[in-house]
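The values are calculated or read from the model by the stated rules, or taken from the named source; none is laboratory data. The structure displayed is predicted, hence computed values, not measured ones.
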Amino acid sequence: MLSYRSWILIATALFGVGILLGQLMPVTSAEFFAEDLTALQELAAMLGPFQLSTAVFIFFKNVLALAVSFIFSPILILVPVLALTMNGWILSFVSTLVIQEESWGFLLAGLLPHGVFELPAIIIGEAAALSFGAMAILLLVQRERRAVLISTAKQDTSHIFLSLALFFLIGIFHTAIILALLKEETRALIIPNMKQNAKYLLIAVTLLLPAAVIETYITPLFLP
């Protein structure tokens, strides 16, 4: 498996791809997202700056996004890949619109104060999701490890019924991981990876807290 530093580089590269896509997208296409932008503006007006509810909303929204990426990452790591590219694309595209309508100074004032915490948090958290998802997929595709999973399922009928229930709720990847955790041979392979990624997820969540507070109470001070 790749080191966590490698996953950080991959996550950064995916975010960069999103930024490039945002730059390549013509500004005139903004009209296709007029309704979405209007809805976002209404939400922003409802929350408003300098309110505790706004900081709480921003924090839990970002934490939920990271949690979804981590939980569903074993499904071909599609969710963290999409999350990184979409975040980069949205940031790039919206920044282009802001610069055209306002200025670079306006963009930096609105982005930098909380962005110095939020962007690293996104990269760190999504890198952990990529690492965990890749580990889960590797566990399934390697023949010797897959044999352990199958043996585990055959040995305990109750685990099979549990896997069937979980299949409908979460999916086959998560089922296999849970079955693996019930077997000592595979638990030793999974737990170290989960501990490492949980640590980096905690770092990401910790960074999101000051980002939410700054975005609510400090960023508005720099904007007219």
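Looking only at region 195-224, residues that are in a helix (DSSP H, G or I) and either closer than 18 Å to residue 105 by Cα or hydroxyl-bearing (Ser, Thr, Tyr) (or both) come to 10 in all.
Hey, among 119, 140, 108, 130, which residue is at pLDDT below 80 and either of a type in the set (A, V, I, L, M) or on the phi > 0 side of the Ramachandran plot (or both)? Before you say what the answer is, go through the steps one by one.
Working: 119 fails: at pLDDT below 80; 108 fails: at pLDDT below 80; 130 fails: at pLDDT below 80.
Just one listed residue meets the conditions, 140.
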